[in-house]
Amino acid sequence: MKEITVQELKKKIDNDKNVFLLDVREPFEQYQSNIAYDHSTLIPVGKLRERLEEIADKKDQEIVCLCRSGSRSAQACKLLEKEGFAHVKNLKGGINQWAKDIDNSLPVY
């Protein structure tokens, strides 16, 4: 499984690269701490398999999966790869790493 650092993701977002963020946390977690980016969606990892059709149009696009620390998003990456998604990456360190290195206004939880 491929990983992307928070710094690499920040560069892609800043340069308007065609990257899609898939947040696999629970809704209450996204409410606490979130990356403000238009090309993202929330599908909790436990619901991902049954909701794959919602992101089926992203199969050939770069998808960055994120969670709190990188564990659940790694599971999501594996599932997406098995389902034929071609360009999947795990956000190394998750939203907590983003909060530490990119946006310290976000809480680490």
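Brief remarks follow.
- Student exercise, the chain dipole from Lys, Arg, Asp, Glu Cβ charges, in Debye to nearest 20: 360 debye
- Dipole orientation for the range 2-101: of the candidates Ala56, Leu91, Ser71, Ser71 has the Cα lying most toward the positive pole (charges on Cβ; Lys, Arg +1; Asp, Glu -1).
- CD proxy at 222 nm, helix term only [per DSSP H run n ≥ 4: -39500 (n - 2.57); per residue of the chain; nearest 500]: -9000 deg cm²/dmol
- Among Asp60, Asp23, Asp38, the residue with the largest mean-square fluctuation in a Gaussian network model of the chain, with springs joining Cα atoms closer than 10 Å, is Asp38.
- Prolate/oblate/rounded call for the range 35-85, Cα gyration tensor, a/c under 1.5 rounded: rounded
- Rounded to 5, percent antiparallel among DSSP beta bridges of the chain: 0 percent
- Note on Asn15 and Asp101: with the Förster distance fixed at 22 Å, the Cβ-Cβ geometry gives a FRET efficiency of about 0.80.
- Between Val108 and Glu83, residue separation times 0.36 nm minus the direct Cα-Cα distance comes to 5.8 nm.
- Cut-off 19 Å, label 7 Å out along Cα→Cβ of Glu8, residues of the range 83-104 by amide N: 85-103
- Extent along the principal axes, Cα only, for the chain: 35, 29, 23 Å, with the longest axis given first.
Throughout, read-outs are computed from the coordinates displayed, never taken from laboratory work. Not measured: the values here are computed from a predicted model. Methodologically, a virtual Cβ is constructed for each residue, glycine included, from the backbone with ideal geometry; neighbour enumeration extends over all protein chains shown.
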